[in-house]
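The values are calculated or read from the model by the stated rules, or taken from the named source; none is laboratory data. Here the structure is a predicted model, which means the values were calculated and not measured. Glycine gets a Cβ as well: all are built from the backbone with ideal geometry, and neighbour counts include every protein chain shown.
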Amino acid sequence: MKAIGIIYSPFQNKKDTPIQPYRSHAVGTVEIFEKYQEGLDDIDTFSHIILIYKFHKSKGYRLKVMPFLDENLRGIFATRAPRRPNQIGLSVVRLLKRKGNILIVKGIDVINGTPLLDIKPYVPEFGPGEDIKIGWLEGKIRHVGKNQIRQKALDLIMGVCL
Ligand SMILES: C[S@@+](CC[C@H](N)C(=O)[O-])C[C@H]1O[C@@H](n2cnc3c(N)ncnc32)[C@H](O)[C@@H]1O
């Protein structure tokens, strides 16, 4: 896999970076390399996009980790922790504007200079939408009202929450 662009953010190191987009109001810039620019056509008809990227500042991994929001060891694949075998992260962010090969986005939770691997439009309807369980995260993230549960559950799956 090759990077198709770079994500620029206000965050220079891991400790200052929000743990998920739902905890971030930060605005960032996504530069798509010019050879891929035509692939951005129609992207600005979507309010949110999924950024898929490499945790390039992560080294190695453990199969059991202590997640940011927990005090117990959890299997790495039951978390969004950055130190994982393939170092792939995803964030659902609000798309504010497209200017040529540049996207301005809000809700960024990555370090400045993160290599971008792919972009997809965020479509809640493509998610499962019912009988969602959030495992060890139950009770650890903000309460959502009953009428928001479906949307929030979909957001969880797509990476808006940890
Ligand atoms: C918990 S991860 C969640 C990222 C993404 N929303 C996901 O669910 O895959 C977010 C944390 O990863 C770390 N991080 C962000 N960008 C990184 C990068 N490029 N390399 C290594 N770690 C990074 C920061 O500590 C940040 O707080």
Original post:
Which residues, taken from the range 63-80, are in contact (Cβ under 8 Å) with a residue 60 or more places away in the chain, surrounded by fewer than 19 Cβ atoms within 10 Å (Cβ to Cβ) and assigned to a loop (DSSP other than H, G, I, E, B)?
Top reply: PHE68, LEU69, ASP70, ASN72
Original post:
Do we have GLY60 as outside any loop (DSSP other than H, G, I, E, B), over 19 Å from the mean Cα position of the chain (by Cα), small (Gly, Ala, Ser) and surrounded by fewer than 17 Cβ atoms within 10 Å (Cβ to Cβ) here?
Top reply: no
Subject >> Subset tally (residues that are without any contact (Cβ under 8 Å) to a residue 40 or more places away in the chain and near the ligand (Cβ under 9 Å from one of its atoms)) for the range 31-58 >> reply: 1
Original post:
Name the pairs whose Cβ atoms lie under 6 Å apart, with the first residue in the range 126-138 and more than 20 Å from PRO67 (Cα to Cα), the second β-branched (Val, Ile, Thr), and 6 or more positions between them or separate chains?
Top reply: GLY127/ILE157
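For every residue, the table says whether it meets (1) over 16 Å from the mean Cα position of the chain (by Cα); (2) under 27 Å from GLU125 (Cα atoms).
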{"residue": "ILE6", "(1), (2)": "no, no"}
{"residue": "GLN12", "(1), (2)": "yes, no"}
{"residue": "ASP70", "(1), (2)": "yes, no"}
{"residue": "THR79", "(1), (2)": "no, yes"}
{"residue": "ASP109", "(1), (2)": "no, yes"}
**OP:** Can you tell me which residue among LEU51, LEU63, LEU95 is at pLDDT 95 or above and more than 28 Å from PRO10 (Cα to Cα)?
**Re:** LEU63
Original post:
For the range 21-56, which residues satisfy the criterion of being over 24 Å from LYS2 (Cα atoms) and in a loop (DSSP other than H, G, I, E, B)?
Top reply: SER24, HIS25, ALA26, PHE46, SER47
**OP:** Starting from the range 95-119, take each residue that is within 12 Å of THR29 (Cβ to Cβ) and more than 16 Å from the ligand (Cβ to nearest atom) and list its partners that are among the charged types (D, E, K, R) and part of a strand (DSSP E or B), counting only C-beta distances under 6 angstrom and pairs at least six apart or across chains.
**Re:** LEU96/LYS106; ILE102/GLU31; ILE104/LYS97
Original post:
Counting just the residues of the range 19-28 that are at pLDDT 95 or above and buried (at least 18 other Cβ atoms within 10 Å of the Cβ), which one comes out nearest to LEU95 (Cα to Cα)?
Top reply: GLY28
**OP:** Working only within the range 80-103, note down all residues that are under 24 Å from LYS35 (Cβ atoms) and in contact with a helix residue (DSSP H, G or I) (Cβ under 6 Å, 6 or more places away or on another chain).
**Re:** SER91, VAL93, ARG98, ASN101
